[in-house]
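Below is one structure, written out as structure tokens; comments come after it.
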Amino acid sequence: MDLNFSEDELRFQTEVREFLAEQLPAHIVEAAARNSSVFVEKELALQWQAILVAKGWAVPQWPQEHGGTDWSPAQKYIFSKECYLAGAPMLIPLGLLMLAPVIMAFGTQAQKDHYLPKILNGEHYWCQGYSEPGAGSDLASLQLKAEADGDDYIVNGSKIWTTHAHLSDHIFCLVRTDNSGKPQQGISFLLIDMDTPGVSVEPILTMAGDHEVNQVFFDNVRVPQANRIGEENRGWSYAKYLLEFERGGGFSAPRIHHELDRLRQLVADQRTDNPGFDPAGDTDRRLARLDIDLKALEITELRILSSVAGGGNPGPESSILKLTTTRLEQEINELSVDVIGYRGLAMEPIADGSPYRADFESSIVPRYLNNRAASIFGGSQEVQRNIVAKMVLGL
Ligand SMILES: Cc1cc2nc3c(=O)[nH]c(=O)nc-3n(C[C@H](O)[C@H](O)[C@H](O)COP(=O)(O)OP(=O)(O)OC[C@H]3O[C@@H](n4cnc5c(N)ncnc54)[C@H](O)[C@@H]3O)c2cc1C
């Protein structure tokens, strides 16, 4: 992969910068800078999504026939990097980048025609119903039961840790349709409208004080069998395909670049008044280490995602991306907390005019707390290491 951009790619970079300067609203940039949650506020993410849809740039990852772009991997990378440099938030990936590839690969034509446009224009807002109280890392032991009843299934049980279920109108679920064979063989992939009678959502508050995750209950919920993706009892392979996109289906290096830049600025600000500022005694070494690891991630990401450019899936290598991305972001979070020191104790922004509580600073400790969960969601770090050992290294 040649990292020196060509003349055409540099022209494209200018075009993207001009678009962002004109079209990215300041209030969305401010909200993204303040944000400490895994996703920026739903309404703002959807506003930004609508602007990108109007330009035809919302889903460069999608094939062109469904509304994607014809960009090369280098162009996709440039676009992603410029968006973060300009302070744009990440679009919420649950429908756009996780469910959509599954529908494209395994859905019927009717499902593609119905769901993909609604995911793209934000009419459908999706959440992910994989984990259950007794099924996380050991996902195949899931027990949300779907029993056939005429043309429908009757669904009973519950899902847990469901991000944004309280904001979603639809949920994609792994359900148990057969208990007779190996656990992986009796799972189906079902799309459920959250408005269906019998679906209810209970909030779970996290240690950062956020309401992001929920428990979802299903009490005799009637779901048309036509909402099943692919074949009955083959849902496990569709579920794993989706997880590859969840763990490494987009560029994370540009986002981490932006986070590292903000951290460097934070250190530089401290050094304006106190040139020797070095709170933990190894600030520069940690910054250099982060920079080196980020460059390695960038190359790995470009290599893996180049192979996806032709419409393929990221493969088990996506676990390498998830492991590295999570570690780097958490190390940036930790060093940021060290840098702001005692000022991080105030969890709420201090009134305007304070020299210490710029909006970004006020998000550092909540962000640190919130992002501890990154080593768990999407499959824990230990589970990713097992996948790398088995599927990538062949151990
Ligand atoms: C903030 C947040 C958001 C989430 N959002 C969603 C969502 O939207 N939808 C959804 O379906 N799920 C979601 N999850 C659930 C997440 O996928 C699970 O929490 C995760 O897969 C771990 O499962 P568990 O919590 O049951 O932990 P367990 O599986 O019980 O694991 C406990 C510990 O044991 C370790 N462990 C387990 N098995 C092994 C093994 N074989 N080898 C080595 N170590 C092992 C784990 O690494 C972990 O440290 C979310 C979780 C969090 C924290």
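The values are calculated or read from the model by the stated rules, or taken from the named source; none is laboratory data. These figures come from a predicted structure and were not determined experimentally. Neighbour counts are summed over all protein chains in view; Cβ atoms, including those assigned to glycine, are modelled from backbone coordinates with ideal geometry. Just the protein is used for accessible areas: all its heavy atoms, side chains included, with ligands, DNA and RNA removed. Shrake-Rupley method; radii C 1.70, N 1.55, O 1.52, S 1.80 Å.
A few comments on the model shown:
- 3 or more residues open to solvent by less than 40 Å² (accessible area, probe 1.4 Å) and modelled with pLDDT under 95: qualifying helices (runs of 4 or more DSSP H) within the range 1-90: 26-34, 73-85
- Residue match in the range 259-277 (condition: touching a residue at least 12 places away in the same chain (Cβ under 8 Å), surrounded by 19 or more Cβ atoms within 10 Å (Cβ to Cβ) and not in a helix (DSSP H, G or I)): no
- Single residue of Glu259, Glu244 found to be modelled with pLDDT under 90 and among the charged types (D, E, K, R): Glu244
- Test result for Ser306, open to solvent by less than 10 Å² (accessible area, probe 1.4 Å) and of a type outside the set (Val, Ile, Thr): no
- When restricted to residues that are in a loop (DSSP other than H, G, I, E, B), more than 7 Å from the ligand (Cβ to nearest atom) and open to solvent by less than 30 Å² (accessible area, probe 1.4 Å), the range 137-163 contains 2.
- Selection within the range 40-97 - β-branched (Val, Ile, Thr) and within 17 Å of Phe251 (Cα to Cα): Val59, Thr69, Ile78, Ile92
- Within the range 164-198, being under 18 Å from Ala226 (Cβ atoms), among the polar types (S, T, N, Q) and open to solvent by 10 Å² or more (accessible area, probe 1.4 Å) holds for Thr177, Thr196.
- First in the range 108-137 and basic (Lys, Arg), second anywhere and modelled with pLDDT of 95 or more and crowded, with 19+ Cβ neighbours inside 10 Å, Cβ under 9 Å, 6 or more apart: Lys112/Ile103; Lys118/Gly95; Lys118/His124; Lys118/His170
- Residue selected from the range 290-303 under the condition touching a residue at least 40 places away in the same chain (Cβ under 8 Å) and surrounded by fewer than 16 Cβ atoms within 10 Å (Cβ to Cβ), by the criterion farthest from Thr326 (Cα to Cα): Arg303
- Restricting the range 234-249 to residues that are in contact with a strand residue (DSSP E or B) (Cβ under 6 Å, 6 or more places away or on another chain) and of a type outside the set (Gly, Ala, Ser), the residue that is nearest to Gly312 (Cα to Cα): Tyr238
- Here Val201 meets each of (1) away from the ligand (no atom under 13 Å from the Cβ); (2) among the aliphatic types (A, V, I, L, M); (3) in contact with a His (Cβ under 6 Å, 6 or more places away or on another chain) with one exception, condition (1).
- Contact map, the range 369-395: residues that are of a type in the set (D, E, K, R) paired with residues that are near the ligand (Cβ under 7 Å from one of its atoms) and part of a loop (DSSP other than H, G, I, E, B), Cβ distance under 8 Å, separation 6+ or inter-chain. Pairs shown: Glu382/Ser137.
- One residue from His124, His166, His114 being away from the ligand (no atom under 11 Å from the Cβ) and part of a loop (DSSP other than H, G, I, E, B): His124
- Every test in (1) over 22 Å from Ile103 (Cβ atoms); (2) at pLDDT 95 or above; (3) more than 15 Å from the ligand (Cβ to nearest atom) is passed by Gly181 save one, and that test is (2).
- Only a single item in (1) in a helix (DSSP H, G or I); (2) crowded, with 20+ Cβ neighbours inside 10 Å; (3) modelled with pLDDT of 90 or more; (4) not charged (D, E, K, R) is not met by Leu287, and it is number (2).
- Matching residues in the range 93-107 - criterion: being free of Cβ contacts under 8 Å to residues at least 60 places away in the same chain and touching a Lys or Arg at 6+ places or on another chain (Cβ under 8 Å): Met104
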